[in-house]
Amino acid sequence: MNKKWERTNTDHDTYQFIIRVSYQLFMELGFRKVSTRMIAERCGITQPALYHHFKNKQDIYKEVIITSIQQTENALLKITKEYQILQECLYQIALYFLEHYQEDLMQMFHDLQHEMPNDIQTQLRIRWQEGFLKPIKHLFDMAEKDNNISFQKIESNSEEIAFTFLQYIQTAMRPSHMKELSNEEQTKEIRRKAKLVVHLFIFGIVDK
């Protein structure tokens, strides 16, 4: 636990390096168990140097989540541009989340709800909607425009459907189970889960 993180050639910016290290700590231990002293030690810097970049631990956490959301938004926009078939695009989105957020997403939602003040919760919720929800909503909007799906028949809309799809993915996450598997087994299981999530979401369990 006391191991310091080594900087790489891509970590020239101290600010970004702090974000990277803090993300791992927050997702590994949770917001409450992480201290600014711990972050500084892992980064190999002093606390005054840390406070030169961030006001406090909440400020660090907020920037960590915003950075994570931005990375996810970029990945989702890339996926939705690259894959034109709805089912394949949804599979790639599910795959991305299961590969990158198997444990982090649950820890993130827990800390946002229980550790952050209302103003930060509101800021991050808005940013989450823009980064996580909006690209998927746009995907469903385009599918409806192309007459591939219809929301009127199910009395819903693209935003609700996008949110439901993310809930499907979150339900498929079982970090305790994944830790017991080898890397090869984890890859195989993640792909299986992604296919299952998309199949259930689109077709359900009843063949018609």
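Identification of helices (runs of 4 or more DSSP H) wholly contained in the stretch 74-173 with 1 or more residues that are of a type in the set (Ser, Thr, Tyr) yields 86-100, 118-128, 158-171. For the stretch 181-199, filtered to residues that are in contact (Cβ under 8 Å) with a residue 12 or more places away in the chain and of a type in the set (Val, Ile, Thr), the residue that is surrounded by the fewest Cβ atoms within 10 Å (Cβ to Cβ) is Ile190. Here the stretch 69-88 is the region considered, the condition is being hydrophobic (A, V, I, L, M, F, W, C) and over 17 Å from the mean Cα position of the chain (by Cα), and the residue that is surrounded by the fewest Cβ atoms within 10 Å (Cβ to Cβ) is Ile85. Scanning the stretch 24-61 for residues that are surrounded by 19 or more Cβ atoms within 10 Å (Cβ to Cβ), touching a residue at least 40 places away in the same chain (Cβ under 8 Å) and not in a loop (DSSP other than H, G, I, E, B) yields Phe26, Met27, Ile60, Tyr61. Residues being among the charged types (D, E, K, R) and closer than 20 Å to Lys33 by Cβ are entirely absent from the stretch 123-131.
Here's the yes/no breakdown for (1) of a type in the set (Val, Ile, Thr); (2) under 23 Å from Ile190 (Cβ atoms):
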site	(1), (2)
Cys43	no, no
His52	no, no
Lys62	no, no
Ser68	no, yes
Ile85	yes, yes
Tyr96	no, yes
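Conditions tested, residue by residue: (1) aromatic (Phe, Trp, Tyr); (2) open to solvent by 60 Å² or more (accessible area, probe 1.4 Å).
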| residue | (1), (2) |
| --- | --- |
| Glu115 | no, no |
| Leu133 | no, no |
| Glu144 | no, yes |
| Lys179 | no, yes |
| Phe201 | yes, no |
| Gly204 | no, no |
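The values are calculated or read from the model by the stated rules, or taken from the named source; none is laboratory data. Predicted model, so just to flag it, every value in this text is computed and none were measured. All Cβ positions, even for glycine, are placed from backbone atoms using ideal geometry, and neighbour counts span all protein chains on display. These area figures cover heavy atoms from the full protein model, side chains too; ligands, DNA and RNA do not enter into them. Shrake-Rupley method; radii C 1.70, N 1.55, O 1.52, S 1.80 Å.
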